[in-house]
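> Could you have a look at this structure, given as structure tokens, before my questions?
The values are calculated or read from the model by the stated rules, or taken from the named source; none is laboratory data. Computed from a predicted model, the values in this text were never measured in an experiment. Neighbour counts run over all protein chains shown; Cβ positions are idealised from the backbone, glycine included.
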């Protein structure tokens, strides 16, 4: 294939970019910082969406849709949130173009069509949604309100990378309203669990669940829960966050409810989201120098069948053998592609589906026909095996399950091996160079956190949820500390 | 219920608006012209999406995602298209806000963050997509390219109505590229058929398939195919369009391909779309003065079960009877809700589900328990019947199918009765007053079309696809005509 092949250990970042492009997942567009998600990449995203949507509905949420634009006056209502996003938002100021009188066929902004109030393209929807909830919530009977939205959002990022950081991205954002603090906290934690389960079961990526330090919280949140994944270069990727928003948005938008006792109280809120960034996680966690490795649970094509033949007649005989197999697999809900194109040789096809991360490749040639066998190749281990046509559907089903488990175990082993426990700053520095997460004592102050970040580029990824308390001293300040936190360099 | 009840024959337009609000489908937002689609409305839209998506995939299309923004220079590349949308587009000019030095806590546009080139929020995506296709298409082997996108678009409409005409709306837009004119025309026609089939089979709305006159074509199209539905007030609603774009966009963006013979040719294009406008069609085509009437194929709740009881104990006995029924229905893929809330009386619930258009309502009271029966009420005909608990799942399945067919037949009868064949202008005028579509001769000129529109507010909805040729004279100009066309007042 006519593309530059980069190995992971040569230049991980370049390897990633090349893979996204070469596997036909996404590309840069004509709009600064915005990507085009290509059909193959979008098919993976659709599978993620379907599963997440199912999990949201099973936990009682409904989908709805709120406007793309946020009027400036609503945008600025919750001050911390506004401050957090003001520096990177796209602003609509006019609603019409007109012909350029000095340049035939060209258009210019029509200054007569200036908006009285500017509209912000949503970077997140708390403001527009809470201004709406004000009319939906009067009494405790209206609560909880459990709503999710699938949408595009825009954050004007200066340095962008396909899937990981783009000006426009696709995501879902849950926005819930509750009558008690406790219930809202439980909701934030429940949705973090949903994200963790999705990540481990579908993406096959083990995650560390934790809370962010105040420094790293979502603008406007009282607590930010996070799941952090470890990529193959040892860097962390924040894969999903769930925020307990306290009463901040209820106060900003004056959303009160009548309690059972007849008093008026501000509503408690959560929000939570995952985005097309998960595509980046999926790619970076598992793939190798030959291309993508997709977990069967999310692979658009789970099995590809490639005929090995000379001449029309042989192809015809193979195709007749393949047809019932295809049908049997489809019946079991396995997505299968039979690539009988005569425009490409089988070697080319092998490389192509390796690049695309198809979990199982089946080759059938004349010898297989004689022996009633096929050759199966696993994408994850590159093992090849000759197996009988009898019971093949079951064999394939078992292999797909095995691959899903194996990819996860591999990532889990990698994660376990690369969490380093350190007790001094010099150990901390060398552990960071080795790569991975570093578990270390921190004195709990934002100043120390900032200083460590400046000196090492490592941030506190989270304070793990299941953290055990232990006495220690901060690696930077030497002040006493009650628990370790997880540091890493991150995407 | 605490809302104003308007009858269709009092004020059809007000009836519609009230119904959209009262049935919890959508509402106006804080952003001029933009709506909030509420959970119940969105659930119907999701059902539409799922079915359409399935039909697109069955006809060989893949989903992808392109940027929300179109740089002005790309936007203006296809002149007719640009001209058509320039007057109603949202323009992003800045990418940052800053604190207002004169007004603490407020934000203003940061003039230092002015974009070099303005970005248009997509009103439709031909421009951004064809600027991308240029890199995807080199040879006939890359064709056809069959892509669909689910997205939000913005058109700055001055007069808006929920679902029917909003500044932001949700839609799908197919964009395909072909090597021959003929193949592109076939694609446009195929997708029109998909829309027609979806409309008749799922929305239960009969449609007239036809082509638009040059006046009414999509800006940049060589031919616009349309499906036109008739609402209960006799007005037409354009429900979906499919455009043959010729080589206009290929020429504007210089998209050529190498033919098998080695020559370079411009690519042929189509685009096609349906939007949340279909929600408006669904509501207006079937509903009555009591509320929505939803076709079972799109109803989020197909069956609601309401217990009629006095006291906890009776409720408990009924609930035990309901449980296996609920499970049996779910197993058959029927969506069922058991409303055992004790906060509302059964009369209130009856009215509520009538308003929400739930196709079947099942009531179970103490007498039913004695007789092994339930009371079923059909939303479409308001019939009530007492039926046996035995074989109830099958009874319900049959009834749901019957309702789907009945709603369609009713709409079909209405449509047939309200297409008026006229031969003179005075007949034309009185037919329009009666309401419905008018089939009349037209001389084929845009001038006459425009004059009729000015005098009567009726537009040519389409030239039906199956039109038979017949000699006649134009109702307005008296000039000879070869065929009738369909006129109507329209949404």
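Okay, residues lined up against (1) touching a strand residue (DSSP E or B) at 6+ places or on another chain (Cβ under 9 Å); (2) surrounded by 13 or more Cβ atoms within 10 Å (Cβ to Cβ); (3) not assigned by TED's automatic domain parsing to the domain that holds residue B:16:
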site: B:307; (1), (2), (3): yes, yes, yes
site: B:317; (1), (2), (3): no, yes, yes
site: B:336; (1), (2), (3): yes, yes, yes
site: B:346; (1), (2), (3): yes, yes, yes
site: B:357; (1), (2), (3): yes, yes, yes
site: B:388; (1), (2), (3): yes, no, yes
site: B:392; (1), (2), (3): yes, yes, yes
site: B:395; (1), (2), (3): yes, yes, yes
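> Can you pull out the residues in region A:79-90 that are facing chain B (nearest Cβ under 7 Å) and either surrounded by fewer than 17 Cβ atoms within 10 Å (Cβ to Cβ) or not in a loop (DSSP other than H, G, I, E, B) (or both)?
Within region A:79-90, A:79, A:82, A:86, A:87 qualify.
> Let me ask you something else. Identify all residues within region A:208-230 that are over 21 Å from residue A:281 (Cβ atoms) and in a helix (DSSP H, G or I); write none if there are none.
Selection gives A:214, A:215.
> Looking at residue B:116, is it farther than 28 Å from residue A:72 by Cβ and either without any contact (Cβ under 8 Å) to a residue 60 or more places away in the chain or away from every other protein chain (no Cβ under 11 Å) (or both)?
Here the answer is no, as residue B:116 does not meet what is asked.
Table: residues versus (1) modelled with pLDDT of 95 or more; (2) out of contact with any strand residue (DSSP E or B) (no Cβ under 6 Å at 6 or more places or on another chain); (3) within 11 Å of chain B (Cβ to nearest Cβ).
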{"position": "A:18", "(1), (2), (3)": "yes, yes, no"}
{"position": "A:24", "(1), (2), (3)": "yes, yes, yes"}
{"position": "A:56", "(1), (2), (3)": "yes, no, no"}
{"position": "A:92", "(1), (2), (3)": "yes, no, yes"}
{"position": "A:105", "(1), (2), (3)": "no, yes, yes"}
{"position": "A:109", "(1), (2), (3)": "yes, no, yes"}
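> What about residue B:278, is it in contact with a strand residue (DSSP E or B) (Cβ under 9 Å, 6 or more places away or on another chain) and either assigned to a strand (DSSP E or B) or closer than 25 Å to residue B:447 by Cα (or both)?
Here the answer is no, as residue B:278 does not meet what is asked.
> Evaluate region B:199-207: report whether one residue or more is surrounded by 21 or more Cβ atoms within 10 Å (Cβ to Cβ), in a helix (DSSP H, G or I), modelled with pLDDT of 95 or more and touching a strand residue (DSSP E or B) at 6+ places or on another chain (Cβ under 6 Å).
yes
> Follow-up question, since we're still on this one. I'm trying to understand the selection: among the residues of region B:62-78, which are under 22 Å from residue B:187 (Cα atoms) and either free of Cβ contacts under 8 Å to residues at least 12 places away in the same chain or within 9 Å of chain A (Cβ to nearest Cβ) (or both)?
If the condition is that a residue be under 22 Å from residue B:187 (Cα atoms) and either free of Cβ contacts under 8 Å to residues at least 12 places away in the same chain or within 9 Å of chain A (Cβ to nearest Cβ) (or both), then B:62, B:63, B:64, B:65, B:66 are the ones that fit.
> While we're looking at this one, here's another question. Filter region B:465-483 down to the residues that are loosely packed, with under 13 Cβ neighbours inside 10 Å and more than 19 Å from residue B:452 (Cα to Cα), then identify the one that is farthest from the chain's Cα centre (by Cα).
The qualifying residue farthest from the chain's Cα centre (by Cα) is B:471.
> Answer yes or no as to whether residue B:42 is within 19 Å of the chain's Cα centre (by Cα), away from chain A (no Cβ under 14 Å) and either under 30 Å from residue B:192 (Cβ atoms) or in a helix (DSSP H, G or I) (or both).
no
> Looking only at region B:454-464, count every residue that is touching a helix residue (DSSP H, G or I) at 6+ places or on another chain (Cβ under 9 Å) and surrounded by fewer than 16 Cβ atoms within 10 Å (Cβ to Cβ) and tell me the total.
The qualifying residues number 2.
> Further question on the same structure: Among (1) over 27 Å from the mean Cα position of the chain (by Cα); (2) in a helix (DSSP H, G or I); (3) in contact (Cβ under 8 Å) with a residue 24 or more places away in the chain; (4) surrounded by fewer than 17 Cβ atoms within 10 Å (Cβ to Cβ), where does residue B:401 come up short?
The failed condition is (1).
> Looking at region B:308-340, which of its residues are within 25 Å of residue B:298 (Cα to Cα) and part of a loop (DSSP other than H, G, I, E, B)?
B:332, B:333, B:334, B:335, B:339, B:340
> In region A:45-54, how many residues are facing chain B (nearest Cβ under 10 Å) and buried (at least 20 other Cβ atoms within 10 Å of the Cβ)?
Residues in region A:45-54 being facing chain B (nearest Cβ under 10 Å) and buried (at least 20 other Cβ atoms within 10 Å of the Cβ): 1 in total.
> Here is a further query. Kindly list, by first and then second residue, each pair from a residue in region B:47-60 that is assigned by TED's automatic domain parsing to the domain that holds residue B:276 to a residue that is outside any helix (DSSP H, G or I), limited to pairs with Cβ atoms under 6 Å and residues at least 6 apart or on different chains.
B:56/B:148; B:60/B:146
> Of the residues B:180, B:241, B:224, only one is assigned by TED's automatic domain parsing to the domain that holds residue B:270, crowded, with 22+ Cβ neighbours inside 10 Å and over 16 Å from the mean Cα position of the chain (by Cα); which?
B:224 is the lone residue from the list that is assigned by TED's automatic domain parsing to the domain that holds residue B:270, crowded, with 22+ Cβ neighbours inside 10 Å and over 16 Å from the mean Cα position of the chain (by Cα).
> Can you name the number of the only condition in (1) at pLDDT below 95; (2) more than 10 Å from chain B (Cβ to nearest Cβ); (3) assigned to a loop (DSSP other than H, G, I, E, B) that residue A:32 fails?
Among (1) at pLDDT below 95; (2) more than 10 Å from chain B (Cβ to nearest Cβ); (3) assigned to a loop (DSSP other than H, G, I, E, B), the lone unmet condition for residue A:32 is (2).
> Is it true that residue A:196 is touching a helix residue (DSSP H, G or I) at 6+ places or on another chain (Cβ under 8 Å) and modelled with pLDDT of 95 or more?
no
> Something else now. Restricting to region B:130-163, and then to whatever is part of a helix (DSSP H, G or I) and more than 9 Å from every other protein chain (Cβ to nearest Cβ), can you tell me which residue is surrounded by the most Cβ atoms within 10 Å (Cβ to Cβ)?
B:130
> Further question on the same structure: Can you spot a residue in region B:172-179 that is more than 14 Å from every other protein chain (Cβ to nearest Cβ), in a helix (DSSP H, G or I), at pLDDT 95 or above and over 30 Å from residue B:446 (Cα atoms)?
No, region B:172-179 contains no residue that is more than 14 Å from every other protein chain (Cβ to nearest Cβ), in a helix (DSSP H, G or I), at pLDDT 95 or above and over 30 Å from residue B:446 (Cα atoms).
> Something else: Looking at (1) within 29 Å of the chain's Cα centre (by Cα); (2) touching a residue at least 40 places away in the same chain (Cβ under 8 Å), which is the only condition residue B:431 fails?
(2)
> Something else now. Looking at region B:369-380, can you tell me whether even one residue there is modelled with pLDDT under 95, surrounded by 13 or more Cβ atoms within 10 Å (Cβ to Cβ) and outside the structural domain of residue B:23 (by TED's automatic domain parsing)?
yes
> Residue B:9: surrounded by fewer than 16 Cβ atoms within 10 Å (Cβ to Cβ) and more than 19 Å from the chain's Cα centre (by Cα), yes or no?
When the stated conditions are applied, residue B:9 passes them.
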